[in-house]
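Chemist: Mind having a look at this structure? Questions to follow.
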Amino acid sequence: MNLNQDILPNREISFDPILYRKDFPILNREVNGTKLVYLDNAASMQMPQVVIDSFVDYQSRFHANVHRGVHTLSQEATDKYEAVRSKIRDLIHAKSENEIIYTYGTTDALNMVASTYGRQNISTGDEILISEMEHHANIVPWYMLAKEVGAIIKVIPITDSGEINMDAYTSMLSNRTKIVAVTHVSNALGTINPVKTIAELAHQAGAIIVVDGAQAVPHAKVDVQDLNCDFYAFSAHKMCGPTGLGVLYGKFDILNSMPPYRGGGDMIKSVTFEHIIFNDVPFKFEAGTPPISQVIMFGESIDYVNNIGIDRISEYESELLSYATKRANEIEGLTIIGTAVQKASVLSFTLKGIHPHDIGTILDQSGVAVRTGHHCAQPVMDRFNVPATTRASFAFYNTFEEVDELISAIHQVKEVFG
Amino acid sequence: MNDRMKQLYQELILDHNKNPRNFRTIDPADREALGHNPLCGDKLKLYLKINDQNVIEDVAFIGDGCAISKASASMMTTVVKGKTVEEAEELFTQFHEMSMGTLNVDTQENKLGKLTIFSGVRDLPARVKCATLPWHTLHSALHNKKEITTE
Ligand SMILES: Cc1ncc(COP(=O)(O)O)c(C=O)c1O
């Protein structure tokens, strides 16, 4: 399949995905007798060999429990594990590595904020603002909290192009607003939200801001100090890392005044049956044996991405997206859901008269892996009045040829449905 | 696309998805049930008229869903109309077994007839529920349950 030269962006080839594809063994596999075209990166990204190897290396040479032993292995494992905290601090430009809490994922991180900060600070009649484009992970914990303490959830509407309605947001803020929880990048629409402005307005109203960064960190430079967010959550597996690990960033003073989340080993300084002294931040929030190998692997993922350069990744992915958008728009009956001006590399669409699950099944027959369904964002589906969409999401290892394969597979779907 | 898939889709789509049979309501109906697959958003409502001899005299459905669920519902209505409740139940069981891959329609005896076109879904684990949703809904309507979900 040839690239459609007419509409290919006129670009110097400064980014060659082929250089990186060879690092990802899974990209060589076949699906249904054809080459895999993996376009489900927003759900989970694939892992390069160096990260896979780091697991073997760690388990073969350094594994022991952390923060516990005086023996050499435990010390080495602890050092490697703790070193990743500073890598994460640098990745998101936090002030201190003590502001980096290891969690089991974005979902876990957001639940942690709701259960600790939320329970401590939110009471009857207080308002929590969330946007209409949130992932269920940034909806459900707030509903659970609100139900428990008698708080009120208010939903910031989004526009037809899938952007937060900033006028509506501004007018919803009041001295009752205690928390604003928004996603940095929407997994269902691709929209990049103006988090810095949203944070500023929240702070002016006396609220704190919690940002779901699951889709942002892998695709763009994130600076939590510049954004001035109070909490920021993301998952390792969406950035070439392992599952079972996430990060919660929180401003130190806020973390320091928060009660712990789970109780257990490692999160305490001393325990008697009369009195318990909790450990310092961040350990206070890390009860039990943490995902040690996952943390060490994620350290490798960060190095891998840094070696390519997150700015170059952003730039390349946005070229891929604009090419995919142009080609998709040529398909009759195709409607793109999410047409914000600022978008990450997510292409969500519907095809007239064809259910997304049928599209997904037929694309899979051509080896094209996309996500179909509600993307854990049912309110977004309701907003756009569709039961589900088909979503192609791109990573830096995807090529323009793969976009073409997606497009030709969509044409095949239309052929089948006549 | 392999041949079985082509056959599954083409035959179904050309026929039942585009022109679903018995796509209407029955008012009043003797039995009704609602089927819902939250994963896909497939929704269907099934209506039955059953006479004194326990024969399904009329059956109809309305709803929204993917091609597989819609075609399955449509074909189901054409097949069970005129059957007794017991016969319909037997078809439900066989259809279910075929979709799960425990009944091999090529080698094992069955009464599925043209419904065997759905045997292709056993290769599509994520889609089995789409094909079986109408049958589960029928099953619960026959048992007087009002609502089922496949989750
Ligand atoms: C925007 C967004 N928020 C939250 C999550 C949840 O992440 P995880 O499942 O890794 O906890 C996801 C991923 O599915 C996401 O895309």
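Chemist: Does A:Ser115 satisfy being within 16 Å of the ligand (Cβ to nearest atom) and either of a type in the set (D, E, K, R) or surrounded by 20 or more Cβ atoms within 10 Å (Cβ to Cβ) (or both)?
Modeler: Values: within 16 Å of the ligand (Cβ to nearest atom): yes; either of a type in the set (D, E, K, R) or surrounded by 20 or more Cβ atoms within 10 Å (Cβ to Cβ) (or both): no.
Criteria not met by A:Ser115.
Chemist: Ok, one more. Hey, any hits in segment A:63-80 for a residue that's closer than 29 Å to A:His374 by Cβ and surrounded by 20 or more Cβ atoms within 10 Å (Cβ to Cβ)? Before you say what the answer is, go through the steps one by one.
Modeler: Quick first cut of segment A:63-80, residues closer than 29 Å to A:His374 by Cβ only: none.
Checked against the condition, which is being closer than 29 Å to A:His374 by Cβ and surrounded by 20 or more Cβ atoms within 10 Å (Cβ to Cβ), segment A:63-80 yields no hits at all.
Chemist: Any chance you could count how many residues in segment A:363-418 are assigned to a helix (DSSP H, G or I), more than 12 Å from chain B (Cβ to nearest Cβ) and not small (Gly, Ala, Ser)?
Modeler: 13
Chemist: Going residue by residue through segment A:207-215, is there one that turns out to be on the phi > 0 side of the Ramachandran plot, more than 16 Å from the ligand (Cβ to nearest atom) and either in a loop (DSSP other than H, G, I, E, B) or more than 14 Å from chain B (Cβ to nearest Cβ) (or both)? Spell out the reasoning first.
Modeler: The initial filter retains those residues of segment A:207-215 that are on the phi > 0 side of the Ramachandran plot, namely none.
The answer is no; no qualifying residue exists.
Chemist: Could you go through segment A:121-131 and let me know if any residue there is surrounded by fewer than 16 Cβ atoms within 10 Å (Cβ to Cβ), in a loop (DSSP other than H, G, I, E, B) and among the hydroxyl-bearing types (Ser, Thr, Tyr).
Modeler: yes
Chemist: Please find, among A:Asn41, A:Asn98, the residue that is among the polar types (S, T, N, Q) and not assigned by TED's automatic domain parsing to the domain that holds A:Met297.
Modeler: The match here is A:Asn41.
Chemist: Still on this structure, I have one more. When the residues of segment A:389-401 are filtered to those that are more than 13 Å from the ligand (Cβ to nearest atom) and crowded, with 20+ Cβ neighbours inside 10 Å, which remaining residue is farthest from A:Asp23 (Cα to Cα)? Walk me through how you get there before you give the answer.
Modeler: In the first step, residues of segment A:389-401 are kept if they are more than 13 Å from the ligand (Cβ to nearest atom); the result is A:389-390, A:392, A:394-401.
Still in the running and crowded, with 20+ Cβ neighbours inside 10 Å: A:389-390, A:392, A:394-398.
Values: A:Thr389: 31, A:Thr390: 28, A:Ala392: 22, A:Phe394: 17, A:Ala395: 14, A:Phe396: 12, A:Tyr397: 9, A:Asn398: 13 Å.
It comes out as A:Thr389.
Chemist: Applying the selection to segment A:141-185, what residues are of a type in the set (Asp, Glu), more than 16 Å from the ligand (Cβ to nearest atom) and not in a helix (DSSP H, G or I)?
Modeler: A:Asp160
Chemist: Still on this model: Which ones in segment A:352-388 are within 27 Å of A:Tyr316 (Cβ to Cβ) and either hydrophobic (A, V, I, L, M, F, W, C) or within 14 Å of the ligand (Cβ to nearest atom) (or both)?
Modeler: A:Ile359, A:Leu363, A:Val368, A:Ala369, A:Val370, A:Arg371, A:His375, A:Cys376, A:Ala377, A:Val380
Chemist: Filter segment A:118-140 down to residues that are of a type in the set (Ser, Thr, Tyr) and without any contact (Cβ under 8 Å) to a residue 40 or more places away in the chain and give me whichever is nearest to the ligand (Cβ to nearest atom). Quick ask: steps written out before the conclusion?
Modeler: Of all residues in segment A:118-140, those of a type in the set (Ser, Thr, Tyr) come to A:123-124, A:131.
From the residues that got through so far, the ones that are without any contact (Cβ under 8 Å) to a residue 40 or more places away in the chain too are A:123-124.
Values: A:Ser123: 26, A:Thr124: 28 Å.
Ranking the qualifying residues of segment A:118-140, first place goes to A:Ser123.
Chemist: For segment A:120-133, indicate whether the set of residues that are within 15 Å of the chain's Cα centre (by Cα) and either in the same structural domain as A:Phe298 (by TED's automatic domain parsing) or not acidic (Asp, Glu) (or both) is non-empty.
Modeler: Yes, because at least one residue in segment A:120-133 is within 15 Å of the chain's Cα centre (by Cα) and either in the same structural domain as A:Phe298 (by TED's automatic domain parsing) or not acidic (Asp, Glu) (or both).
Chemist: Could you list all residues from segment B:41-72 that are within 14 Å of chain A (Cβ to nearest Cβ) and more than 16 Å from the chain's Cα centre (by Cα)? Please lay out each step first, then the result.
Modeler: First, pick out the residues of segment B:41-72 that are within 14 Å of chain A (Cβ to nearest Cβ): B:41-44, B:63-72.
Within segment B:41-72, B:Gly41 is the sole residue that qualifies.
Chemist: Next question. Could you check, for segment A:228-250, whether at least one of its residues is within 18 Å of A:Ala94 (Cα to Cα), out of contact with any Lys or Arg (no Cβ under 7 Å at 6 or more places or on another chain) and charged (D, E, K, R)?
Modeler: No: zero hits.
Chemist: Could you look through segment A:94-107, keep only residues that are buried (at least 22 other Cβ atoms within 10 Å of the Cβ) and not aliphatic (A, V, I, L, M), and pick out the one that is farthest from the chain's Cα centre (by Cα)?
Modeler: Selected residue: A:Glu99.
Chemist: I need every pair where a residue in segment B:30-53 that is outside any strand (DSSP E or B) has its Cβ under 7 Å from the Cβ of a residue that is among the aromatic types (Phe, Trp, Tyr), sequence separation at least 6 or different chains.
Modeler: Filtered contacts from segment B:30-53: no entries.
The values are calculated or read from the model by the stated rules, or taken from the named source; none is laboratory data. What you see is a predicted model; the values in this text were computed from it and never measured. Don't worry about glycine lacking a Cβ; one is built from the backbone with ideal geometry, like all the others, and counts go over all protein chains shown.
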